[in-house]
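Have a look at the structure below before the remarks.
The values are calculated or read from the model by the stated rules, or taken from the named source; none is laboratory data. Note that the structure is a prediction, hence the values are computed from the model and not measured. Every residue, glycine as well, gets a Cβ built from its backbone with ideal geometry; the counts of neighbours run over all protein chains shown. SASA here: full protein model, heavy atoms, side chains in, ligands and nucleic acids out. Shrake-Rupley method; radii C 1.70, N 1.55, O 1.52, S 1.80 Å.
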Amino acid sequence: MKYMSEYRDPELAKKYLEEIKNTVSRPWSIMEVCGGQTHSLVKNGIIEMLPDKVTMIHGPGCPVCVTPLNLIDKAVYLAVEKGVILCSFGDMLRVPGSQKSLLEAKAEGADVRILYSPLEAVKIAEDNPHKEVVFFAVGFETTAPANALSVVHAHRRGVKNYSILASHVLVPPAIKAVIDDEESKIDGFLAAGHVCTIMGNTEYHPLSAAYKVPIVVTGFEPLDVLQGILMVIRQLEQSKSEVENQYARIVREEGNPDAQKVIDEVFEVRNQMWRGIGEIPESGYAVREKYADFDATKKYNVTIEEAPENPDCISGQIMKGIKKPFECSQFGKTCKPTNPLGAPMVSSEGACAAYYHFSGLVEA
Amino acid sequence: MKYMSEYRDPELAKKYLEEIKNTVSRPWSIMEVCGGQTHSLVKNGIIEMLPDKVTMIHGPGCPVCVTPLNLIDKAVYLAVEKGVILCSFGDMLRVPGSQKSLLEAKAEGADVRILYSPLEAVKIAEDNPHKEVVFFAVGFETTAPANALSVVHAHRRGVKNYSILASHVLVPPAIKAVIDDEESKIDGFLAAGHVCTIMGNTEYHPLSAAYKVPIVVTGFEPLDVLQGILMVIRQLEQSKSEVENQYARIVREEGNPDAQKVIDEVFEVRNQMWRGIGEIPESGYAVREKYADFDATKKYNVTIEEAPENPDCISGQIMKGIKKPFECSQFGKTCKPTNPLGAPMVSSEGACAAYYHFSGLVEA
Amino acid sequence: MPKLDFDVITLGHGSGGVLTNKLLDSGVFDLLSNDILDERHDGAFLELHGKTAFSTDSFLVSPIFFPGGNIGELAVNGTVNDLAMCGANPKYLSLSFIIEEGLPVKEFWDILVAVKFACQKAGVQIVTGDTKVVEKGKGDKIFVNTSGVGPIHPKAKISAKNIAVGDKIIISGNVASHGMAIMSVREGLEFDSEIQSDTTNLNHTILSLIEQFGENIHLLTDPTRGGVATVLKEIAQSSEIGIDLFQKDFPMDEQVASACELLGLDPLYVANEGLFLAFVSESEADSVLATLHEDENGKNARIIGTVVAEHPKQVIMESAIGGKRVISMLPGEQLPRIC
Amino acid sequence: MPKLDFDVITLGHGSGGVLTNKLLDSGVFDLLSNDILDERHDGAFLELHGKTAFSTDSFLVSPIFFPGGNIGELAVNGTVNDLAMCGANPKYLSLSFIIEEGLPVKEFWDILVAVKFACQKAGVQIVTGDTKVVEKGKGDKIFVNTSGVGPIHPKAKISAKNIAVGDKIIISGNVASHGMAIMSVREGLEFDSEIQSDTTNLNHTILSLIEQFGENIHLLTDPTRGGVATVLKEIAQSSEIGIDLFQKDFPMDEQVASACELLGLDPLYVANEGLFLAFVSESEADSVLATLHEDENGKNARIIGTVVAEHPKQVIMESAIGGKRVISMLPGEQLPRIC
Amino acid sequence: MCLAIPGKIKSIEIQYGGMVRMAKVSFGGITKEASLEMLPDADVDDYVLVHVGVAISKVNEEEAQKTFKYLEEIGELGELEDVDEYLPKSE
Amino acid sequence: MCLAIPGKIKSIEIQYGGMVRMAKVSFGGITKEASLEMLPDADVDDYVLVHVGVAISKVNEEEAQKTFKYLEEIGELGELEDVDEYLPKSE
Ligand code: SF4
Ligand code: SF4
Ligand SMILES: [Mg+2]
Ligand SMILES: [Mg+2]
Ligand SMILES: [Mg+2]
Ligand SMILES: [Mg+2]
Ligand SMILES: [Mg+2]
Ligand SMILES: [Mg+2]
Ligand SMILES: [Mg+2]
Ligand SMILES: [Mg+2]
Ligand SMILES: [Mg+2]
Ligand SMILES: [Mg+2]
């Protein structure tokens, strides 16, 4: 595919690796913020190919992984007890709630449907006028326009039986929280290219300046990631701390104003719980009062008691880059992708699952 | 079973047959009004065992067979278009509507359920508060108390999502219609024992007197039917025309007053369409205004165009005893139990089906 | 039952991946272990020599657990019996499950246990298998297919062509028990003493009959779906023979008869399991009957009819009171009647 | 298609009665006619001599008609191929349907036609069968079970025990085409030039390989459910061998690759049909490959990996850019991802 | 036929907070529930005729024997054996 | 990763009575619908990045080449072959 397979060229990759090797003079820890980058690093075997001095730290970059337990319990409740058609992206289905996952709810007979796009959910609502349809709207900034758009569509088309259960998380506050954690020692960041496609890069300049860290907005193909790493290392070696854009073919400095507009139309910023990490101020979106009819939390007014997280799971530390998955006592033992204790073991973007699948530390 | 298998004794049956043979002096045509009696005659091979001078004529005695086409279309409409849980007795499912039968609607995905009792339908309504439940309440007077009772139960228990699609037919007006038809020549009747169990025998005295026909209220076991036939023949031979009760172990002269009370509570007499026969005055029940909320015809206000009956089907003449099934040009050719053109081919109580199955006139 | 970390079967268990392997490795299938099955290849390696019978059936029954058995033993017995009806000695079975997601593993286990014991009793081995999982609402708890092979007994001469006028029709036991045991659960009937499905393997019974009576056994068939009436009508039609039946000779449990009365069903059309019909030479009929009476599976055996030259293709039954009626096939599903 | 007086399959067609007989006599099954099947007994009578393979599979696929085929040919090819993977010459198949009531007879007919042609192409006969009908909402249009038997080729020495270090792993064609052809319908993907399932019978291809290369073919397997990754990981684990794979060598259709990217699926875990993996002696690998390239079913064949002494039980894949990753089994169903 | 068969009341239960009187009725060894609302005076051990889950008549034991006696009564059957032979057997 | 991939707009259609602008987008031979509401100026033949059914960015062709030129640009790769070799091929 054009603008994709070209960025997988093995020879140029080799040259990037060589250049990284030639550039690095001392150990650096670099966090790739986005799970997609983690996936690319692991799937392509890049981590082992990097010089020892370069340590990649996997960030909190999997919106599925950080969706609060309580919200999953709510989604399960709506599907099982309220009998709604609960629509969701595929990766959300396996994430364990306190009682069960959506996949288990489905196995027990709940009408849980996997969709490619939230816009399809509005059609399902139109086609099932006697049923309630709820879309479990998770995601980073990247997905927020699509989720918001589904609400706008439903509103315009007068679809009354549609609502979203929103769990949006915002990247810059999370990066700030990671840097602020005293245990974490991260020298530079690969920022999430697709998040910046929507929001632009402006939010990163003050961060980079205040904390004196290089931040490179980076894509997801092997050459993207390698170039991003090289750009961070070059800054570090030169004691710079700037915001650079590796992914300029997609990301504009100002992001996508039309997308920002639809987000702002439907959502407002709020404090947000991150599973495994805790509450981060101003790091999520709530549906605006104006669209309260489409907000599943208000429409159904479900209160479900907060269940405790599994105490053995150190996913918070992992997502902040303080520990690596194999340092978790449960990794590969009681916690496996077929029976995840914590969210990072669920999606193949999750740091624990990525290690489990691709790095060969355990017997599958 | 007690009060059942005793009435199947082969030796006594033989003695009854002998006595019938000894009694009959000239040809007589006797109509067994009820399909259950037809079933018993055919299944036990009694017809062939009777002397040639005794001709049994099968009456309109299958409420399933005479349920109007339009009402079946309504039931199908409610199941398919309105998405109700449509409950019915098993024999109603195969009766052809103008487009399809309930069995075909079920095969296409409609929620059609076979019940043993209408009281179960009320429970289904309670268990499915978000669905509408309609019981297709067909039957003679025998079944009317149970159907009425289901309405009373639903009313008392506050079940709002239950209603009945009533199609009740009454036997005495039908007997009168049969006698009134100039083509029909019936000398005596076996009245339907279970109908009389509810209504008693009083309605038959004026009929018997006015038309000078013997009427014997008769049961359903082989000995019952044989005794009933003997009693009619004895009257005929003695030029009597009285009402006698062969089935006195079950039928009281006054019927069952409690059952009559619940019928009267829920239903009122109205003119009624009989499939294949036409409208017979005061021969059916409508749900009283008081229980209009439980009357599916009012609740859904469905109007479905009257579809024409299959013109080749002579079911009306068959049910009046004017013709025998094998005199129908379609019998066993285009019209079979697996593909009935008319209602009497559907239920095994139906005259055409009874002949088809048991008398060996066709290759199955 | 082995300790598992899952309680219900999910789609993943049929996906072919880790969970499928986990299910395969969980030990539940160890129940069925034998050298051939344990090879675990795409198929089984067998040794077969000469005339062999091969039969298949898919089993769907609701409820999957019913008085007297469950779908697991039904599936084993069904194919074992079909092979026996061919005059074969059933030896190797395949076992294929289509599970609706959400089936409790405990129920699956109970079914496997029933499979195991049914195999033991019949003396057959499960040598190859398959497990698939369908989404909730796209199946009905569990469907089971068994196929089987086995060598044909050298003395067996089973063929409808051998049926002759005068042949006696023997039924091996009570009619309608299996169908009514299942119907009783569906219709909420309670029985004073439980009506049980008589699902069982008939191969030992059949093979000893063949051993003893050889070519005097003309035809064997098990009147499962459609009941005794349908299967006899089929034979009359395809073999162009006439059959006379006698209602009074049909062995039937009194409770089963009552249940049929209550629901308005004709027991002759109710499905049977663990029951067979044998067309045998007139001369040997009484000996066959006597032999059957010694066998647990034949203790209620009766002669119910005769092959006649009159009315070819027709089955005619004399009612208990001596009248005659023609027997036709079941026109559709038997549905409980009111009228 | 024969003219029938019913348009859809109903419960009655599975009841064993008139309608079942009507369906059987309707002529639709005449398509499959052969001497053994036409006997219509409870099972088929076969002649088999010596080492025989026996395999079963139930097939459920949604949609039942997909680009490149339908469930009928899938079911025939599936069991034919499983037998071929055993080194057997597939000869006789059983065919068992579980139909959800409401299936248009036309669709059933189209499936039977596909069965017929798939049988013809593979050179096998359907010799025994079964048709059951379930209520609407208790099935998914149609499930098909096939079981099959066939004599094992005298030169075949197929066993995981024969795998040796140095063995080359050959894949017979493009990966993921079947799974993505089906996924494309489910997810509403449109293809510029249609992606087709490559379901086909592999027995002729396989048997000519065995004929030519005999015991140099160590293991054959078809990477259906779970995909290439899962089946290789299974073999590595159970045979305690190491496997090295090379991503760049995997043959894949470009559109299939794009569809995988779009839905976030890993083609190594996508189900295949009409595809096999062969473990062959290093010395003969190139000759096997050359032979395969002459065959329609092997024209895209490639060597994708090697059996190694290092890392026993592990499958390690070198990515296109030269990095390494460990291959594990599919953890559950592959679900389309967003992130 | 308005399928109805006779059975014996085994037990009686009041359901729905006194609204409905239901019986367990035994039919030759099988038991099924039936409403007694149409037969308020029916009691345990009575034989009742049940149609679609509702008991509609109590069997009259004396009348039940008349079918066996009828031929004798009409005087046409001199040599009729003892009628008792045909009477319902006690269980 | 917020899975998003680039594809080329083949055609544009106005749906829901002018409310929504939808594109058929081709991804290496497969076509899927995507909303253009976030890219009002996107046109046929443009390459757009699509995420969960919504096009969120137009690909900048010029910037797209920089990854291939970067090593050359930073002067560390004297003998770099002609950059064109790595550029997206025209279809
Ligand atoms: S391995 Fe499992 S338990 Fe440990 S941190 Fe990861 S998700 Fe939590
Ligand atoms: S045989 Fe068929 S067409 Fe003729 S009267 Fe009877 S139901 Fe009507
Ligand atoms: Mg069979
Ligand atoms: Mg048992
Ligand atoms: Mg069978
Ligand atoms: Mg059989
Ligand atoms: Mg299999
Ligand atoms: Mg197989
Ligand atoms: Mg094809
Ligand atoms: Mg297979
Ligand atoms: Mg296989
Ligand atoms: Mg069968």
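Among the residues making up the range B:68-80, those that are surrounded by 24 or more Cβ atoms within 10 Å (Cβ to Cβ) and touching a strand residue (DSSP E or B) at 6+ places or on another chain (Cβ under 8 Å) are B:A75, B:L78, B:A79.
Pick from B:E282, B:E327: which is away from ligand 6 (no atom under 16 Å from the Cβ), within 21 Å of the chain's Cα centre (by Cα) and modelled with pLDDT of 85 or more? The unique qualifying residue is B:E282. One residue is enough: does the range D:240-262 have a residue meeting the conditions among the β-branched types (V, I, T), more than 16 Å from ligand 6 (Cβ to nearest atom), open to solvent by 10 Å² or more (accessible area, probe 1.4 Å) and outside the structural domain of D:T79 (by TED's automatic domain parsing)? Within the range D:240-262, one or more residues are among the β-branched types (V, I, T), more than 16 Å from ligand 6 (Cβ to nearest atom), open to solvent by 10 Å² or more (accessible area, probe 1.4 Å) and outside the structural domain of D:T79 (by TED's automatic domain parsing).
Note on the range D:25-37: residues that are within 11 Å of another protein chain (Cβ to nearest Cβ) and either free of Cβ contacts under 8 Å to residues at least 24 places away in the same chain or part of a loop (DSSP other than H, G, I, E, B) (or both) amount to 1. The one condition from (1) away from every other protein chain (no Cβ under 14 Å); (2) part of a loop (DSSP other than H, G, I, E, B) that B:R270 does not meet is (2).
Selection within the range B:81-103: residues that are open to solvent by 20 Å² or more (accessible area, probe 1.4 Å) and more than 9 Å from every other protein chain (Cβ to nearest Cβ). The member of this set that is nearest to the chain's Cα centre (by Cα) is B:P96.
Within the range E:7-33, the set of residues being in contact (Cβ under 8 Å) with a residue 24 or more places away in the chain and either in a loop (DSSP other than H, G, I, E, B) or open to solvent by less than 10 Å² (accessible area, probe 1.4 Å) (or both) comprises E:G7, E:I9, E:A23, E:V25. Only one entry of E:E37, E:E85, E:E33, E:E72 meets the criterion of being at pLDDT 95 or above and acidic (D, E), and that entry is E:E37. Can you tell me how many residues within the range C:7-20 are touching a residue at least 24 places away in the same chain (Cβ under 8 Å), open to solvent by less than 20 Å² (accessible area, probe 1.4 Å) and outside any helix (DSSP H, G or I)? Of the residues in that region, 2 qualify. Examine the range C:62-78 for a residue that is crowded, with 23+ Cβ neighbours inside 10 Å and either away from ligand 4 (no atom under 14 Å from the Cβ) or of a type in the set (S, T, N, Q) (or both), and state whether such a residue exists. Checked against the condition, which is being crowded, with 23+ Cβ neighbours inside 10 Å and either away from ligand 4 (no atom under 14 Å from the Cβ) or of a type in the set (S, T, N, Q) (or both), the range C:62-78 yields at least one hit. Against the numbered list (1) open to solvent by 10 Å² or more (accessible area, probe 1.4 Å); (2) under 30 Å from F:V52 (Cβ atoms); (3) among the hydroxyl-bearing types (S, T, Y), D:S184 comes up short only at (1). The set of residues in the range C:190-204 that are within 15 Å of ligand 6 (Cβ to nearest atom) and at pLDDT 95 or above comprises C:T200, C:N201, C:L202, C:N203.
Total residues in the range C:201-216 satisfying the condition of being surrounded by 23 or more Cβ atoms within 10 Å (Cβ to Cβ) and out of contact with any helix residue (DSSP H, G or I) (no Cβ under 6 Å at 6 or more places or on another chain): the figure is 2. Screening B:K212, B:K240 for residues that are on the phi > 0 side of the Ramachandran plot and open to solvent by 30 Å² or more (accessible area, probe 1.4 Å) leaves exactly one candidate, B:K212. Only one of the numbered conditions (1) in a strand (DSSP E or B); (2) in contact with an Asp or Glu (Cβ under 7 Å, 6 or more places away or on another chain) is not met by C:A278, and that is (2). Pairing residues of the range B:113-140 that are open to solvent by 20 Å² or more (accessible area, probe 1.4 Å) with residues that are of a type in the set (A, V, I, L, M), at Cβ distances under 6 Å and at least 6 apart in sequence or on separate chains, gives B:I114/C:L335; B:I124/B:V133; B:E126/B:V159; B:K131/B:I85; B:E132/B:V84. Once the range A:307-337 is narrowed to residues that are within 14 Å of chain D (Cβ to nearest Cβ) and surrounded by fewer than 21 Cβ atoms within 10 Å (Cβ to Cβ), the residue that is nearest to ligand 7 (Cβ to nearest atom) is A:G332. In the range D:66-96, of all residues being over 12 Å from the mean Cα position of the chain (by Cα) and farther than 24 Å from D:S33 by Cβ, the one that is nearest to ligand 9 (Cβ to nearest atom) corresponds to D:G68. Taken as a whole, the range C:39-57 holds no residue that is within 19 Å of D:S55 (Cβ to Cβ), within 16 Å of ligand 11 (Cβ to nearest atom) and more than 10 Å from every other protein chain (Cβ to nearest Cβ).
The set of residues in the range C:297-336 being within 26 Å of B:S5 (Cα to Cα), more than 8 Å from chain B (Cβ to nearest Cβ), open to solvent by 30 Å² or more (accessible area, probe 1.4 Å) and assigned to a loop (DSSP other than H, G, I, E, B) consists of C:K299, C:N300, C:Q334. Taking C:V105 as the residue in question, decide whether it is crowded, with 24+ Cβ neighbours inside 10 Å and either touching a strand residue (DSSP E or B) at 6+ places or on another chain (Cβ under 7 Å) or within 12 Å of another protein chain (Cβ to nearest Cβ) (or both). Spelling it out, it is not the case that C:V105 is crowded, with 24+ Cβ neighbours inside 10 Å and either touching a strand residue (DSSP E or B) at 6+ places or on another chain (Cβ under 7 Å) or within 12 Å of another protein chain (Cβ to nearest Cβ) (or both).
Every residue, every condition in (1) away from chain C (no Cβ under 14 Å); (2) in a helix (DSSP H, G or I), yes or no:
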{"position": "D:H218", "(1), (2)": "no, no"}
{"position": "D:T230", "(1), (2)": "no, yes"}
{"position": "D:I243", "(1), (2)": "yes, no"}
{"position": "D:A257", "(1), (2)": "yes, yes"}
{"position": "D:E261", "(1), (2)": "yes, yes"}
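Given A:G200, A:G188, A:G193, A:G228, which one is open to solvent by less than 10 Å² (accessible area, probe 1.4 Å) and more than 13 Å from every other protein chain (Cβ to nearest Cβ)? Among A:G200, A:G188, A:G193, A:G228, only A:G188 is open to solvent by less than 10 Å² (accessible area, probe 1.4 Å) and more than 13 Å from every other protein chain (Cβ to nearest Cβ). Taken over the range C:1-14, residues that are farther than 14 Å from C:D130 by Cα and at the interface with another protein chain (Cβ under 9 Å from one of its Cβ atoms) amount to 7. Within the set B:L149, B:L170, the sole residue that is within 20 Å of B:F89 (Cβ to Cβ) and touching a Leu at 6+ places or on another chain (Cβ under 7 Å) turns out to be B:L149.
Among the residues of the range C:15-35, those that are under 28 Å from the mean Cα position of the chain (by Cα) and either of a type in the set (S, T, N, Q) or farther than 12 Å from C:T131 by Cα (or both) comprise C:V28, C:D30, C:L31, C:L32, C:S33, C:N34, C:D35. Has the range B:7-18 got at least one residue that is part of a strand (DSSP E or B) and open to solvent by less than 10 Å² (accessible area, probe 1.4 Å)? No, every residue in the range B:7-18 fails to be part of a strand (DSSP E or B) and open to solvent by less than 10 Å² (accessible area, probe 1.4 Å).
Against the test of being open to solvent by less than 10 Å² (accessible area, probe 1.4 Å), touching a Gly at 6+ places or on another chain (Cβ under 8 Å) and either closer than 22 Å to C:H153 by Cβ or not assigned by TED's automatic domain parsing to the domain that holds C:T224 (or both), the options C:L46, C:L93, C:L23 yield a single qualifying residue, C:L93.
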